[in-house]
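Shown below is the structure under consideration.
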Amino acid sequence: MAQLILKNVFKRYDGQKKKMFQKKKENDFAVKDVSYECKDGEFIGILGPSGCGKSTSLRMMAGLEDITAGEMYIGDVLINDLQPKDRNIGLAFEDYALYPPLTVYENLAFNMRAKKKSEQEIKKAIDYVAPLMKIDDLLNMKPPALSGGQKQRVNIARAIVRRPGLLLLDEPLSHLDGKMRQQLRQEIKRMHHEIKCTTIIVTHDQMEAMSLADRIIIMKDGEIQQIGTPLEVYDDPANEFVAGFIGEPPMNLMSSTIEKQGQKFMFTFEGSLLQVEVPRRYNKIVKDQMKVTLGVRPVDVLIAKEEVSSTPVPVAVYENLGDERRISVRVGEMLLSMTTPDDVYYEAGQKVQLIFHEERTHLFDPETGERIRV
Amino acid sequence: MSNHQQLTDSSKNKSILKILEPIGRNLGLTLFAMFALFPLVWMVICAFKSDAQMYNTVFVFQPTLENFRAVLIGTDYFKAFFQNLVVAGGAVIITVIAGVPCAYALARYNFKKKEDVAFQILSFKFAPEIMVILPIFLIFQKVGLYDTFFGLIWVYQLITMPLLIWVVRGYFEDISVEVEQAAQLDGYTWYEVFFKTLVPLIKPGMVAAALLAFIFAWNSFTFPLILSGFKIQTITITALRYIASDTVHYGQVAVASTIAVLPEVIVALFIQKHLVRGLSFGAVKG
């Protein structure tokens, strides 16, 4: 059990690189000035598109990569120059990385045998972990005989059997099919609840991060975009990237010009007659002819049941997904989509009037992508 | 002919084929085996013939152990046998010790001209031995390696090393790097990682390549012929000695060859399964 602290951590790969460590070639920073703190027992999700430096961060924590600059602490110990084995961490690799000639039991015991623990202790530890990850039946099998989901269970069990201070999971679910993924996700959550170990999961799947993590760190191009609880990053995105990355279907992000019409400000869109009133709380900061990026989640776009001030627009696509209905409207070049759990039906071409949820309509600076706050 | 008859006819044909097929296959294989093994059989027959019977082709003859007596007791054949074992065995041991790390480096690390280096190693096997033998001979004479165990073992690396490096390299490339890193995290030092996790995984390939290398080294003729003199004699060279200036003792040559072949046959039979799987697995993917 331990907390993890990163202080201004940088990572740069040299131009000529060893093949064993990753693929990126550019002489650029893979991780730029990253600082954060994970509390003891916290479950942190590092989320980002591929190549954003999330796996690199994890590998630096594990000691498989050097830290170019900055400091990393586990508990009170500076771990920059510590050997991987001395960091007291457990890492579950993406590709399982089990030792094929050994049985599952021996795989789990491998680490403790290195530490010269007694066979009794080893047995005790495995007897505790095996039911936790539901692998008690597999202990005598060898990895090639296991399915992907089973391998990943063993892999995670191997990482936690040593009782690490810090548990690192590197995209543990990315190689599994949908159903297995959901099942294992719940089991990881349950496992964390049970052993309460500081855990960091790296993933590019926002669903995974949202459902598992206590806090999410969103990264892009080696930089942190936002740190917050799943609700915070969903409801209060710091910038356009976070807004577009979190949520399924993604947030509608549309470039818009604000026009002053009498006392009201209206969003107008190039190539479309659609006009929507700017929420009043923004009145102090918006100006006539100001260009903004408007962000609103599909669930927060509503179809007016009565006459409202917005312009009627024709429905472009209607999809019925069973538990929700998706309706898309063409706005100039862009598609504005909305979802509703209500059992409604619209023909393509039918005119509807749209309302944006006032509290959840976000503005972003079109230049920097930063959120414009009141 | 009615449809029904046609059907039964064709099914009859099929069942006949079913019987004929394995017979034909086995017959073909037997014929090929006879063809391939005939020189061996002929060699063994010759070993038991006296010089007088040597040039006839009758299969019924009075077997004699005269040739065996002449070779095994009359000459220092066993010394040559032992020395061949030392040279070939030594060559393979050094190949494994030096070649496995080399293969690992070629599989894991990226360095300039990596592929060129790998190809250069392989190209040692392309060049006929006779092409390089003269300069090597001159160099060996100058530096005092001529007619030494070390000299022969060294030059045998040309035969044994490329094979082992290329086979084992393919095996290393198939092992995920993460397996090594996992072992590192588990607290093993680099040599423990190597011996505990990697060696068991590359073992089939390593054993197969090493044994094949041993056979090549055992059979080598040109190098020991030129690079060794009286002190060290391998059995491939020794067999030549029974060709005297006046007459060729084919019987004795046959005895020398028969005994020389024995270790190879034994090794090949022992590792047959290993050999096929070991070589094909690594090579195809590598």
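The values are calculated or read from the model by the stated rules, or taken from the named source; none is laboratory data. None of these values were measured; they are calculated from a predicted model. So basically every Cβ, Gly included, is an ideal-geometry build from the backbone, and we count neighbours across all protein chains shown.
Read through the list (1) more than 12 Å from chain B (Cβ to nearest Cβ); (2) within 30 Å of A:G244 (Cβ to Cβ), then give the number of the only condition that A:R59 fails.
Going through the list (1) more than 12 Å from chain B (Cβ to nearest Cβ); (2) within 30 Å of A:G244 (Cβ to Cβ), A:R59 breaks only (1).
Given the condition part of a loop (DSSP other than H, G, I, E, B), out of contact with any Asp or Glu (no Cβ under 6 Å at 6 or more places or on another chain) and at positive phi, answer yes or no: does some residue in segment A:167-182 qualify?
No, every residue in segment A:167-182 fails to be part of a loop (DSSP other than H, G, I, E, B), out of contact with any Asp or Glu (no Cβ under 6 Å at 6 or more places or on another chain) and at positive phi.
Further question: Can you tell me how many residues within segment B:121-178 are in a loop (DSSP other than H, G, I, E, B), under 20 Å from the mean Cα position of the chain (by Cα) and not charged (D, E, K, R)?
4
Give all pairs with beta carbons closer than 8 Å in which a residue from segment B:34-47 that is β-branched (V, I, T) meets a residue that is surrounded by fewer than 10 Cβ atoms within 10 Å (Cβ to Cβ); count only pairs at least 6 apart in sequence or on separate chains.
Within 8 Å, the pairs are B:I45/B:F59.
Kindly evaluate A:M219 against the criterion of being under 17 Å from the mean Cα position of the chain (by Cα) and either within 14 Å of chain B (Cβ to nearest Cβ) or in a strand (DSSP E or B) (or both).
Judged against the criteria, A:M219 is a match.
While we're here: Count, please, the residues in segment B:97-120 that happen to be more than 14 Å from chain A (Cβ to nearest Cβ), under 13 Å from B:F194 (Cβ atoms) and surrounded by 14 or more Cβ atoms within 10 Å (Cβ to Cβ). Write out each step before concluding.
Step one: of segment B:97-120, the residues more than 14 Å from chain A (Cβ to nearest Cβ) are B:97-103, B:116-117, B:119-120.
This time we only want the ones that are under 13 Å from B:F194 (Cβ atoms), so: B:97, B:100-101, B:103.
Narrowing further to those that are surrounded by 14 or more Cβ atoms within 10 Å (Cβ to Cβ): B:100, B:103.
So the answer is 2.
Tell me which residues, restricted to segment B:48-61, are touching a residue at least 12 places away in the same chain (Cβ under 8 Å), in contact with a Phe, Trp or Tyr (Cβ under 9 Å, 6 or more places away or on another chain) and assigned to a loop (DSSP other than H, G, I, E, B).
Correct list: B:F48, B:K49, B:S50, B:M54, B:F61.
Quick one: in segment B:216-231, which of the residues that are crowded, with 17+ Cβ neighbours inside 10 Å and in contact with an Asp or Glu (Cβ under 7 Å, 6 or more places away or on another chain) is farthest from B:I93 (Cα to Cα)?
B:S228
To continue, here is another question. Hey, any hits in segment A:34-46 for a residue that's modelled with pLDDT of 90 or more and aromatic (F, W, Y)?
Yes, segment A:34-46 contains at least one residue that is modelled with pLDDT of 90 or more and aromatic (F, W, Y).
Right, here's the next one. Does A:A92 meet the test of being touching a helix residue (DSSP H, G or I) at 6+ places or on another chain (Cβ under 6 Å), more than 14 Å from chain B (Cβ to nearest Cβ) and not polar (S, T, N, Q)?
no
Return the residue satisfying two criteria in turn: it lies in segment B:179-217 and is among the hydroxyl-bearing types (S, T, Y) and in a helix (DSSP H, G or I), and of such residues it is nearest to the other protein chains (Cβ to nearest Cβ). Walk me through it before giving the result.
Keep residues of segment B:179-217 that are among the hydroxyl-bearing types (S, T, Y), which gives B:188-189, B:191, B:197.
In the following step, the residues that additionally are in a helix (DSSP H, G or I) were identified as B:191, B:197.
Numbers: B:Y191: 13, B:T197: 6 Å.
Only one residue tops the list, namely B:T197.
Select from segment B:121-164 the residues that are over 23 Å from B:N84 (Cα atoms) and surrounded by 15 or more Cβ atoms within 10 Å (Cβ to Cβ) and list them in ascending order.
Hit for segment B:121-164 is B:I121, nothing else.
Hey, among B:A98, B:A107, which residue is modelled with pLDDT of 90 or more and touching a Lys or Arg at 6+ places or on another chain (Cβ under 7 Å)?
Going through B:A98, B:A107 in turn, just one is modelled with pLDDT of 90 or more and touching a Lys or Arg at 6+ places or on another chain (Cβ under 7 Å): B:A107.
A:F43 passes all but one of (1) under 26 Å from A:V233 (Cβ atoms); (2) touching a Lys or Arg at 6+ places or on another chain (Cβ under 9 Å); (3) within 11 Å of chain B (Cβ to nearest Cβ); which number fails?
Unmet condition: (3).
Where in segment A:304-374 are the strands (runs of 3 or more DSSP E), entirely inside, with at least 1 residues that are over 26 Å from the mean Cα position of the chain (by Cα), at pLDDT below 90 and not charged (D, E, K, R)?
Details: elements: A:313-320, A:325-331, A:334-340, A:354-356, A:362-364.
Once the strands (runs of 3 or more DSSP E) in segment A:304-374 are filtered for at least 1 residues that are over 26 Å from the mean Cα position of the chain (by Cα), at pLDDT below 90 and not charged (D, E, K, R), what remains is A:313-320, A:325-331, A:354-356.
Could you list all residues from segment A:72-89 that are touching a residue at least 60 places away in the same chain (Cβ under 8 Å) and either away from every other protein chain (no Cβ under 12 Å) or not polar (S, T, N, Q) (or both)?
Within segment A:72-89, A:M72, A:Y73, A:I74, A:G75, A:R87, A:I89 qualify.
Could you check, for segment A:100-120, whether at least one of its residues is outside any helix (DSSP H, G or I), in the same structural domain as A:Q182 (by TED's automatic domain parsing) and among the aliphatic types (A, V, I, L, M)? Walk me through how you get there before you give the answer.
Residues of segment A:100-120 that are outside any helix (DSSP H, G or I), as a first pass: A:100-103, A:115-118.
So of that shortlist, the ones also in the same structural domain as A:Q182 (by TED's automatic domain parsing) come out as A:100-103, A:115-118.
Filter again for among the aliphatic types (A, V, I, L, M), leaving A:102.
Yes: one or more hits.
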